[in-house]
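*Asks:* Here it is, the structure, as structure tokens.
The values are calculated or read from the model by the stated rules, or taken from the named source; none is laboratory data. Given the structure is predicted, the values throughout are model-derived calculations rather than measurements. No Cβ is skipped: glycine too gets one built from the backbone with ideal geometry, and neighbour counts run over all protein chains shown. These accessible areas exclude ligands, DNA and RNA; they are computed on the full protein's heavy atoms, side chains included. Shrake-Rupley method; radii C 1.70, N 1.55, O 1.52, S 1.80 Å.
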Amino acid sequence: MAKLRGADIIVDMLIQEEVPYVFGMMGHGIYGLMDVLAERRDEIKAIGTHHEQVAGHMADAYFRIAHRPVATFSSCGPGSANMPIALANAMMDDSAFLAITGNVATSQFGRGTFQEVHHHHQADFPATIRSYVKRSFQATRPEMLPRMMRQAFAAMLAGRPGPVNIDVPYDVFLEETEEAFIDSAQWRHGIDLRPGASPEAVQRVLAELAQAQRPVILVGNGAALSEASVEVRALAEALAIPVAYTPQGIGVMAADHPLNLGAVGRDGGYPGNEATSTADVLLALGAEFDDRAASSWIPGYTFTIPPTKLIQVDIDEAALGRNYPVHIGLNADVRTFLRQLLAEQKAEHAAAHREWVKRVSAWKTEWADYNERRYRPEAKPIDPEHVIRTLRKALPRDGILAVDVGSHHTWVTSRWESFLPQTVIQAWGYGAMAFGAAGALGAKLAAPGKPVVALCGDGGFGMVPHVVATAVEYQIPVTWVVWNNGGLGVVRADGSSRYTSRWMHHPSGTPLTPDYAAVARAYGAQGVRIETPDELGDALQHAIRSERPTVLDVLVDPKRARVGVSGWWMPPAPPTKPEYPRASFNDSAARR
């Protein structure tokens with residue numbers, strides 16, 4: 001039996017699992033792993049970043065586009081301590097990757113050696129990330145690695161996907177073992193990860209939908225991860241039921257489909273929020289009822305449950321009934337359940353919903369007309385709406401938008417039209433700034449044939465400008481559109497007096513607007529500053545066609561805000577109220 005080093009086992013199993021990339025940053029704690037990756041460079045490619053958090057966001061974004069996990073590597077001490085933000089961001093949004101972290105040699109456990117976390121337990125890094133991963137393993141012998149790697153991939157992909165950590169001491173990478181090698185993929189080949197619903201439950205759901213007068217289908221991240229776009233459309237068309245989505249369900253239903261109502265929640269639009277708040281039956285497919293998607297659970301803002309009957313389908317049993325009582329709750333894979341439903345549905349059910357569809361279609365027209373009246377295409381500084389519309393025209397239907405966290409994100413949620421699944425990625429549950437700026441690299445590697453644009457604020461991009469260096473080094477042609485409004489626009493919008501957190505400024509008080517286009521050029525990329533609205537369209541087209549890393553530094557009006565149709569609540573302050581004139585908002589009788 002051949003002897004294998006611990007690092008050989010890890011890399012062999014990554015290749016066996018068809019992992020094409022590992023992202024990370026070198027350090028002394030992982031020398032053994034890096035040596036083997038160099039030896040196997042023709043089978044798996046290592047990409048070095050300038051910060052470990054960026055590597056994590058790249059891996060997270062790769063999974064969101066490809067629905068296949070890749071891996072990261074980081075050294076002991078501060079190297080791996082830079083990973084928790086990226087791990088938490090992936091964990092909160094059901095995104096999977098394998099984080100391989102180095103640690104000190106086992107012979108030095110508990111001695112306080114260089115970079116050892118030892119104050120409560122020897123080599124205790126896994127405790128640092130326990131809340132941010134589905135599972136953490138620590139291998140103290142190389143013969144432990146085959147089982148741990150197999151279990152790591154099983155844990156990442158079962159149920160709700162999520163990141164997993166394998167922590168490996170320095171000597172374990174290098175020591176040899178004769179432990180029998182495990183064919184991980186073959187071991188898991190027969191496992192079905194798509195549970196369905198009982199026949200009785202399927203019939204109950206069909207009966208509720210057939211009897212409903214104002215039904216709405218709500219799709220969320222679970223529908224996107226289940227790749228249920230075809231089935232969602234088929235059910236909506238068969239039963240004439242309009243479809244709204246939580247921000248994470250964007251793209252599951254094409255924006256130009258007549259039954260698409262757009263996003264719901266704090267940052268959603270009027271048609272979706274109005275329909276879900278007035279529905280009598282809501283079929284929620286893998287939808288998280290978090291505070292932003294549910295407008296802080298305030299009745300009438302986005303949902304009114306009860307009296308709306310909630311039919312909730314989710315692969316995670318803990319999500320069922322978490323924030324709203326369920327009329328019917330099903331622990332099932334969304335696509336599997338929809339296929340069961342479609343096999344039993346009757347076409348005549350659609351007739352009862354046609355008047356309801358006409359009603360919600362009128363809301364769509366009203367909302368579109370309202371936004372058209374507000375649009376200022378000639379404004380300078382540039383109108384945020386103009387950035388959204390111009391970018392949508394420049395990016396093809398299958399192009400990928402990587403959205404960072406900031407005021408621009410609220411505009412995307414409210415106004416972006418997505419036509420295909422897996423074409424918009426965003427940090428939602430954890431809201432990590434820099435995800436979009438860094439994740440765009442991973443998205444491009446996952447879909448090399450599609451253009452990728454990162455839309456990021458000056459705050460988020462300013463945290464990780466070195467992503468441009470990585471793009472130049474590895475020839476990853478991403479376009480960054482920096483939504484430069486001179487500060488942290490979301491914080492500024494709350495009307496507070498927190499001056500230092502709201503504006504970038506010189507000590508003298510003069511506003512400071514760094515030239516991010518110049519930063520890009522310093523890294524060897526293309527960089528263009530956009531100051532007038534007529535420059536933006538051509539610049540975007542050129543950047544996308546150039547197939548070169550490009551930064552467009554766009555000066556956006558910091559005072560121009562989108563109109564909210566819902567609200568949010570941060571106790572003990574009172575909840576915000578809808579700005580859009582919703583006729584039904586203060587009239588519960590009209591909603592029923």
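*Asks:* Using amide H atoms built 1.01 Å from N in the peptide plane, name the residues 5+ places from ILE530, or on other chains, whose amide H lies under 5 Å from its own.
*Replies:* The list, which skips near neighbours in sequence, is ASP553, VAL554, LEU555.
*Asks:* Continuing with the same structure: For the range 266-282, take each phi angle, set θ = phi - 60°, evaluate the Karplus expression 6.51 cos²θ - 1.76 cosθ + 1.60, and give the result in whole Hz per residue in order, putting x for glycine and proline.
*Replies:* Going residue by residue, I get 3, 9, x, x, 5, x, x, 5, 5, 5, 5, 7, 10, 5, 9, 9, 10 Hz, with x marking Gly and Pro.
*Asks:* What value in Å³ per residue do you get for the convex hull of the alpha-carbon atoms in the range 23-90?
*Replies:* Given the Cα convex hull of the range 23-90, per-residue volume reads 76 Å³.
*Asks:* From the phi angles alone, apply the Karplus equation (6.51, -1.76, 1.60; θ = phi - 60°) to the range 217-232 and give each ³J(HN,Hα) in whole Hz, x where the residue is Gly or Pro.
*Replies:* Once rounded to whole Hz, the list reads 9, 10, 9, x, 4, x, 5, 5, 5, 6, 6, 9, 4, 4, 5, 4.
*Asks:* From largest accessible area down, sort LYS577, LYS559; use a 1.4 Å probe on the protein chains.
*Replies:* LYS559, LYS577
*Asks:* Using Cα pairs closer than 8 Å and at least 6 residues apart in sequence, work out the relative contact order for the range 105-239, in percent.
*Replies:* It comes to 19 percent, rounded to a whole number.
*Asks:* Continuing with the same structure: Taking amide H positions as placed 1.01 Å from N in the peptide plane, with prolines and chain starts having none, which residues 5 or more places from PHE137, or on another chain, fall under 5 Å of its amide H?
*Replies:* ASN165, ILE166, ASP167
*Asks:* Would you mind putting 316-322, 274-280 in packing order, based on average other-beta-carbon counts within 10 Å, highest first?
*Replies:* Peptide ranking by packing, descending: 274-280, 316-322.
*Asks:* Counting only the heavy atoms of the protein chains, how much of TYR170 is accessible to a 1.4 Å probe, in Å² to the nearest 10?
*Replies:* Roll a 1.4 Å probe over it and TYR170 shows about 80 Å².
*Asks:* Please give, to one decimal in nm, the separation of the simple spin-label points placed at SER107 and TYR370, each 7 Å out from Cα toward the Cβ.
*Replies:* Rounded to a tenth, the inter-label distance reads 7.1 nm.
*Asks:* Given a 1.4 Å probe and heavy atoms of the protein chains only, how would you sort LYS45, LYS380, largest accessible area at the top?
*Replies:* Order by accessible area, largest first: LYS380, LYS45.
*Asks:* Roughly how large, in nm² to one decimal, is the mean projection of the convex hull of the alpha-carbon atoms in the chain?
*Replies:* Its average projected convex-hull area is 28.0 nm².
*Asks:* A further question follows. For the range 215-269, what class follows from the C-alpha gyration tensor (a ≥ b ≥ c being the square roots of its eigenvalues): rounded when a/c is under 1.5, otherwise prolate if a/b is larger than b/c, else oblate?
*Replies:* Oblate, because a/c is 1.5 or more while a/b does not exceed b/c.
*Asks:* Once phi is turned into θ = phi - 60°, what whole-Hz ³J(HN,Hα) does the Karplus curve with 6.51, -1.76 and 1.60 give for every residue of the range 154-162, x standing for Gly and Pro?
*Replies:* Residue by residue, the range 154-162 yields 5, 5, 4, 9, 7, x, 6, x, x Hz.
*Asks:* By its C-alpha gyration tensor, with a ≥ b ≥ c as the square roots of the eigenvalues, how is the range 56-142 shaped: rounded for a/c under 1.5, else prolate for a/b larger than b/c, else oblate?
*Replies:* Taking the square roots of the gyration eigenvalues as a ≥ b ≥ c, the range 56-142 is prolate.
*Asks:* Return one quarter of the surface area of the convex hull spanned by the alpha-carbon atoms of the range 190-305, equal to its mean projected area, in nm².
*Replies:* Over all viewing directions, the range 190-305 projects a mean Cα-hull area of 7.6 nm².
*Asks:* Determine the relative contact order of the chain: mean sequence separation of Cα pairs under 8 Å and six or more apart, normalised by residue count, in whole percent.
*Replies:* 13 percent
*Asks:* Taking only protein heavy atoms into account and a 1.4 Å probe, give the accessible area per residue of the chain in Å².
*Replies:* For the chain, the per-residue accessible area is 39 Å².
*Asks:* For the range 304-359, what does the alpha-carbon gyration tensor say about shape, rounded, prolate or oblate, given a ≥ b ≥ c as the root eigenvalues, a/c under 1.5 as rounded, and a/b over b/c as prolate?
*Replies:* Oblate, because a/c is 1.5 or more while a/b does not exceed b/c.
*Asks:* Now for a different question. How much accessible surface area, in Å² rounded to 10, belongs to the heavy atoms of PHE114 with a 1.4 Å probe?
*Replies:* 140 Å²
*Asks:* Work out how far the C-alpha atoms of the range 152-228 reach from end to end along every principal axis, then list the three figures in whole Å, largest first.
*Replies:* The Cα atoms of the range 152-228 stretch 67, 23, 16 Å along their principal axes.
*Asks:* How far apart, in nm, are two points set 7 Å out from the Cα along the Cα-to-Cβ line at ARG322 and at ALA518?
*Replies:* Between ARG322 and ALA518, the simple spin-label model gives 4.6 nm.
*Asks:* Continuing with the same structure: State the percent of C-alpha pairs, over all pairs in the range 1-47, separated by a distance greater than 17 angstrom.
*Replies:* That fraction is 28 percent.
*Asks:* Using the Cα atoms of the range 286-423 to build a convex hull, what is its mean projected area in square nanometres?
*Replies:* 11.4 nm²
*Asks:* With all protein chains present and a 1.4 Å probe, how do GLU579, GLU378 order by accessible area, largest first?
*Replies:* GLU378, GLU579
*Asks:* Taking a cut-off of 15 Å, what percent of all Cα-Cα pairs in the range 536-586 are separated by more than that?
*Replies:* Roughly 68 percent, rounded to a whole number.
*Asks:* Also: What lysines sit close enough to LYS450 to cross-link, taking a C-alpha to C-alpha distance under 23 Å and skipping anything fewer than 8 places away on the same chain?
*Replies:* Those lysines meeting the cut-off are LYS45, LYS393.
*Asks:* What does the charge dipole of the chain about its Cα centre add up to, to the nearest 20 debye, if the Cβ of each Lys and Arg holds +1 and the Cβ of each Asp and Glu holds -1?
*Replies:* Its charge dipole is roughly 1500 debye.
*Asks:* Roughly how many nanometres apart are two label points built 7 Å out from the Cα toward the Cβ at HIS119 and MET570?
*Replies:* Taking the two extended label points, one gets 3.0 nm.
*Asks:* Ignoring ligands, DNA and RNA, please state the percent of accessible area on the range 101-161 from carbon and sulfur, probe 1.4 Å.
*Replies:* Its accessible area is 47 percent carbon and sulfur atoms.
*Asks:* Further question: Provide the solvent-accessible area of TRP187, counting protein heavy atoms only and rolling a 1.4 Å probe, rounded to the nearest 10 Å².
*Replies:* Near enough 150 Å² of accessible area.
*Asks:* Pull up all non-local amide H partners of GLY567: gap of 5 or more, or a different chain, and H-to-H distance under 5 Å with H placed in the peptide plane.
*Replies:* Placed amide hydrogens put nothing under 5 Å from GLY567.
*Asks:* Could I ask something else about it? From the helices alone, meaning DSSP H stretches of at least four residues, give me the mean residue ellipticity at 222 nm for the chain, per-run term -39500 (n - 2.57), in deg cm²/dmol to the nearest 500.
*Replies:* Using -39500 (n - 2.57) per qualifying helix, the result is -10500 deg cm²/dmol.
*Asks:* Express the C-alpha Rg of the range 404-464 as a ratio against the empirical globular expectation 2.2 N^0.38 Å, rounded to two decimals.
*Replies:* For the range 404-464, the normalised Cα radius of gyration is 1.09.
*Asks:* Cβ neighbours within 10 Å, averaged per peptide: list 535-541, 66-72 in order, most packed at the top.
*Replies:* 66-72, 535-541
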